[in-house]
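Quick notes on the structure that follows.
Here, each number is a calculation from the coordinates, and none is a lab measurement. What you are looking at is a predicted structure, and each value in this text was computed from that prediction instead of being measured. Don't worry about glycine lacking a Cβ; one is built from the backbone with ideal geometry, like all the others, and counts go over all protein chains shown.
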Amino acid sequence: MKQILKKLKLNHLQYQNNQLFIENVNVSALAKKHGTPLYVYSEHAFLNPLKELQKALQPLSYTICFAMKSNSNLQILKLLKKNGCGIDTVSGGELFRCEKAKIPGKDIVLSGVGKSESELKYALNYRDTGIRSINVESEGELELLQKIAKKEKKKVKIALRFNPNINAKTHPYLSTGLKKEKFGLDKNEILNLTKKWHQFPDLELQGLSIHIGSQIFEMKPLKDAFLETKNFLLQLKERGFPIKMVDLGGGLGVKYDASNNKEKVMSIPEYGKVICSIFKNMGKDFHVCIEPGRTLSGNAGILLTKVLYEKKRGGKSFLIIDGSMSELIRPALYQAHHEIIPAILQGTKTQNTDVVGPVCESGDFLALDRDFPKSRPNDVLAVLSAGAYGMTMSSHYNTRPKPAEILVSKNKSKVIRKRETYEDLIKGE
Ligand SMILES: *Cc1c(COP(=O)(O)O)cnc(C)c1O
């Protein structure tokens, strides 16, 4: 178990006298006090990669826009804002969260393949100033945005989302930079649009945005996409567009599976170096945005759950826990691997087991066929690397109230979202 923490480089988690701690807070005590299932985040783990990225991009004029779809808790947004981070949004609801967290418009970008009229209007009028960039993904969106801008008498800063047709070599559901995928505009489409830019007098084309996928472990596809984008920016500049920015998306992979050697995490300094070397000579007013999601949030969270029952049939063993696909859908949705470790180490005996939830679906598992320490009812387990796309992808399926969220800093912990009640579940019905 200690080996797993080491291999995943989860420095904010460690066993002291066989008890699991997140920073300096005992995980079992949190489970006892707040109940399970329970999301717990480490402040340190959020800020560490942020600081690394900030250092790596130092030579540039840059904004790091955290992809809040990976973790959108208001207190997390406030924490990141306090530490110099901006936000990448993909919906009106996310803009609303930004407003509540008092994120300035200049630190926000809006992406998404299907923004509605009201969402575009929201972005354009966000705190009067609008936002840094609306990343437009289709001709229809451009036409709609122009119509809104004219009506609202605003000039709007936009980037076009460029689909470079580059294979990010990740899970097919996580790839977004191929022509066959719904995202962005290809080179010809963008060139054709620029030819009729007189139709969009209130839209200022300041640059391009890309995001070729998520859970990427190789620098090469990213570097290829960056180079392609830079050349394209220069081409647009030549055509007279006042090019001032690029948004390079997110996508850096996080290690989830301690024994999978293919999950070799890219070094942030290396990543920064590649970005700086490609974009440093774009002029002194040129601005680079990146949109890391999982890089900041992935390792920062754990999901605490409790063993309810142990069940044996034939040669097979099931550990039935109180966490499920309703709280963490990644295993069911992407066949994702999450390491699971006990909150208290007792003995070295292991057995092969499936770790499954109470939800009525055979896809409701958190681990299959895993050699796992022998556990008993009421034992607390920690599902690791659950900070990204965990709570934000959770659902009420089987009418399960959403779990509470806790933020830990050193020896302090605070509730940053209350556990839902049954009453909360029927609100609005
Ligand atoms: C999801 C998404 C991101 C973040 O992806 P990660 O893999 O979590 O870093 C960034 N930009 C856009 C446009 C996205 O859709």
> What order, most packed first, do the peptides 297-304, 348-355, 163-170 have when packing is the mean number of other Cβ atoms within 10 Å of each residue?
Replying inline: 297-304, 163-170, 348-355
>> I want to check the label-to-label distance for ASP371 and LYS78. Put each point 7 Å from Cα in the C-beta direction and report it in nm to one decimal.
In response: 4.6 nm
>> Helix-only mean residue ellipticity at 222 nm, the chain, DSSP H runs n ≥ 4 weighted -39,500 (n - 2.57), per residue, nearest 500. What is it?
In response: -8500 deg cm²/dmol
>> Spelling out what I want: for every residue of the stretch 46-60, take phi, set θ = phi - 60°, compute 6.51 cos²θ - 1.76 cosθ + 1.60 (Karplus), and round to whole Hz; glycine and proline get x.
In response: 5, 7, 4, x, 4, 4, 4, 5, 4, 5, 5, 9, 2, x, 9
> With respect to the cross-link table entries LYS312/LYS418; LYS154/LYS187; LYS121/LYS244, which display a Cα-Cα separation exceeding 32 Å?
Replying inline: LYS312/LYS418
> Once amide H atoms are built 1.01 Å from N in the peptide plane, which residues 5 or more positions from SER61, or in another chain, come under 5 Å H to H?
Replying inline: VAL288
> How far is helix 219-238 tilted off the main Cα axis of the chain, in degrees rounded to 10, range 0 to 90?
Replying inline: 20 degrees
> Under a Cβ-Cβ cut-off of 14 Å, what is the net charge of the residues other than GLU327 that fall near it, where Lys and Arg count +1 and Asp and Glu count -1?
Replying inline: +1
> Given the pairs LYS196/LYS237; LYS7/LYS264; LYS2/LYS374; LYS6/LYS81; LYS55/LYS237; LYS402/LYS427, which span a C-alpha to C-alpha distance of over 19 angstrom in this model?
Replying inline: LYS6/LYS81; LYS55/LYS237
> What is the helix-to-structure angle for 268-279, meaning the angle in degrees between its Cα long axis and the longest Cα principal axis of the chain, kept from 0 to 90 and rounded to the nearest 10?
Replying inline: 10 degrees
>> Quick check: net charge around ALA149, other residues with Cβ under 13 Å of its Cβ, Lys/Arg +1 and Asp/Glu -1?
In response: +2
> If the cut-off is 13 Å between C-alpha atoms, which aspartates and glutamates fall inside it for LYS316, apart from same-chain ones fewer than 8 positions away?
Replying inline: ASP354, ASP369, ASP371
>> Can you classify the stretch 47-181 as rounded, prolate or oblate using the Cα gyration tensor, where a ≥ b ≥ c are the square roots of its eigenvalues, rounded means a/c under 1.5, and otherwise it's prolate if a/b beats b/c and oblate if not?
In response: oblate
>> Which residues does the label zone of ASN411 cover in the stretch 27-51, counting backbone N under 18 Å from a point 7 Å along Cα→Cβ?
In response: 27-30, 43-44
>> Please give the Cα centre distance for the stretch 74-113 versus the stretch 169-248, rounded to the nearest Å.
In response: 22 Å
> For the chain, treating each Cα as an identical point scatterer without solvent, what Debye log10 I(q)/I(0) comes out at q = 0.12, 0.13 1/Å?
Replying inline: -0.98, -1.12
> Points 7 angstrom from Cα along the Cβ direction at ASN260 and LYS9: gap in nanometres?
Replying inline: 1.7 nm
